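Peer 1: Questions regarding the structure given below will be posed in turn.
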Amino acid sequence: MTTQANAPPVSLVQQLAARYAGREPGQRPCQIRIPVEHYTDQARFEAERKQLFLRRPLIICHESQIPDPGDSIVHDWLGLPLITLRDRTGAIGTFMNVCRHRGMRLVQAQGSACLRSLVCPYHHWTYGLDGALRNIPRSESFGDIDMNTLGLKALPTELRNGLVWVSAETGRPMELDKHLAGLGRDLDQFALADYHFFQQNVRTVNCNWKLIQDAFLDGYHVVRLHKNTVGAFFPDAVSTSDCLGDHIRSAVARNEISEAVGTPAAALDLRRHATFAYTVFPNAILIFHPDYTSVISLFPLGPDQTVFAHSMLTPQPVSSQKERDHYERSFHLIDQGVFQAEDIFVAEGAQRGMRSGANKELLFGGLEEPAAQFHQVIARELA
Ligand code: FES
Ligand SMILES: [Fe+2]
């Protein structure tokens, strides 16, 4: 794998065209082994959660999923009870979903909600959308109480490239630019900030979170595992990748790559000639399909259980029934047909296989080298 930090994604399409035309060799052969216990061990899971998920900025949603004041996502995805919401000024914040009086959970159900305020069911302490404590019933019983010190506990939350990023590390700034390492420039080329939330499916899958990342860093399986769905759109194993900081930028050639051979860079179409997938360290995958975008965030609940949140974004707001029908068909194909029935199917099957003791290690070859690179970044972070 070549490392071309900050090179624009168009150079990857040029590389795919050269490989397709046989002018450039494909990936070098290799054999890389990853211990099975990295996917099964409880202590390893806890170290990953602490060092990666509780320390790094994580993508929670696209901002268009919560467009209006009060629009909220209630989630326990980081192992903490949280609410990410838009306040009356339009700003997006994340708060602990925990009352400052005697600790009751404020909003019970996880998922999307539209809130006017946050009222604790226990004694009805009431908080504004900005997290400030607004009302204490029978406040005289507390004597001289300073309500300003009893707002909801906030987590660092920032908006970048249309994505809402949250860090569980409350004690220090998020340092999102350092984390992104130039990724934002690529996301601008795909106009991610201009996309619109269409639909989401949040499911709990029975596998280690890294098995899902491995599947999206592997050009080897595309025409095989996906032969009945999207496999026919791709030539076999014409793929490439490079690194942007800790993130991995992968591109798999689509059949239209034949048009890109000898085409000047300015005339290349990133979404038409290739399917780009960005593994955003540690837990997100951004996939740029020809006419929509998938945002996947993974949140491990245990060594063999993971929340898989998949959102579809469309280039314009869906305004007609015809467009709605089109994108609903696309969502069903990608979410149920490709992800659930194929990628998650093999990830769950591999997790079960690990419990059998048949393998002490998993083997990655040259076409899967980006996955091995991802494991190297994790190893470095845990060291
Ligand atoms: S615990 Fe929330 S109002 Fe008492
Ligand atoms: Fe796949």
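The values are calculated or read from the model by the stated rules, or taken from the named source; none is laboratory data. Owing to the predicted nature of the structure, the values given are computational and were not obtained by experimental measurement. FYI the Cβ positions are ideal-geometry reconstructions off the backbone, even for glycines, and counts take in every protein chain you see.
Peer 1: Which residues, taken from the range 94-129, are within 19 Å of H75 (Cβ to Cβ) and more than 15 Å from ligand 1 (Cβ to nearest atom)?
Peer 2: Of everything in the range 94-129, those that are within 19 Å of H75 (Cβ to Cβ) and more than 15 Å from ligand 1 (Cβ to nearest atom) turn out to be T94, A109, Q110, G111, S112, A113, C114, L115, L129.
Peer 1: Please list, ordered by first then second residue, the pairs with beta carbon atoms under 8 Å, 6 or more apart or interchain, first in the range 160-171 and under 20 Å from S311 (Cβ atoms), second among the β-branched types (V, I, T) and in a loop (DSSP other than H, G, I, E, B).
Peer 2: Matching pairs, first to second residue: V164/I66.
Peer 1: Also, quick follow-up: Given the options N161, N148, name the one that is out of contact with any strand residue (DSSP E or B) (no Cβ under 7 Å at 6 or more places or on another chain) and surrounded by 13 or more Cβ atoms within 10 Å (Cβ to Cβ).
Peer 2: N161
Peer 1: For the range 36-88, which strands (runs of 3 or more DSSP E) that fit wholly inside it have 2 or more residues that are closer than 16 Å to S311 by Cα?
Peer 2: Result: 58-62, 71-75.
Peer 1: Moving on. From the list P81, P69, exactly one residue is within 16 Å of ligand 1 (Cβ to nearest atom) and either of a type outside the set (F, W, Y) or at pLDDT 95 or above (or both). Which is it? Give the derivation first.
Peer 2: Details: P69 fails: within 16 Å of ligand 1 (Cβ to nearest atom).
The match here is P81.
Peer 1: If R86 satisfies every condition in (1) basic (K, R); (2) within 21 Å of L180 (Cβ to Cβ); (3) in contact with a Pro (Cβ under 7 Å, 6 or more places away or on another chain) but one, which is the exception?
Peer 2: Here R86 meets the rest and fails (2).
Peer 1: If you don't mind, there's one more thing I want to ask. May I ask you to verify whether A43 is assigned by TED's automatic domain parsing to the domain that holds F197 and touching a Leu at 6+ places or on another chain (Cβ under 8 Å)?
Peer 2: On the way: assigned by TED's automatic domain parsing to the domain that holds F197: yes; touching a Leu at 6+ places or on another chain (Cβ under 8 Å): no.
No, not satisfied.
Peer 1: Somewhere in the range 38-53, is a residue closer than 30 Å to N255 by Cβ, touching a residue at least 60 places away in the same chain (Cβ under 8 Å) and either out of contact with any helix residue (DSSP H, G or I) (no Cβ under 6 Å at 6 or more places or on another chain) or within 16 Å of ligand 1 (Cβ to nearest atom) (or both)?
Peer 2: no
Peer 1: Looking at the range 239-252, can you tell me whether even one residue there is among the charged types (D, E, K, R), within 15 Å of ligand 2 (Cβ to nearest atom) and at pLDDT 95 or above?
Peer 2: Scanning the range 239-252, I find no residue that is among the charged types (D, E, K, R), within 15 Å of ligand 2 (Cβ to nearest atom) and at pLDDT 95 or above, so the answer is no.
Peer 1: Next question. Which residue is nearest to ligand 2 (Cβ to nearest atom), if the candidates are limited to the range 117-132 and must be buried (at least 17 other Cβ atoms within 10 Å of the Cβ) and more than 23 Å from D68 (Cβ to Cβ)?
Peer 2: Looking at the filtered set, the residue picked out is C120.
Peer 1: Moving on to the next point. Got a sec? Which of G22, G111, G70, G93 is on the phi > 0 side of the Ramachandran plot and surrounded by 15 or more Cβ atoms within 10 Å (Cβ to Cβ)?
Peer 2: G70
Peer 1: Same structure, new question: Does G262 count as over 15 Å from the mean Cα position of the chain (by Cα), among the small types (G, A, S) and within 16 Å of ligand 2 (Cβ to nearest atom)?
Peer 2: Taking the combined requirement at face value, the residue does not satisfy it.
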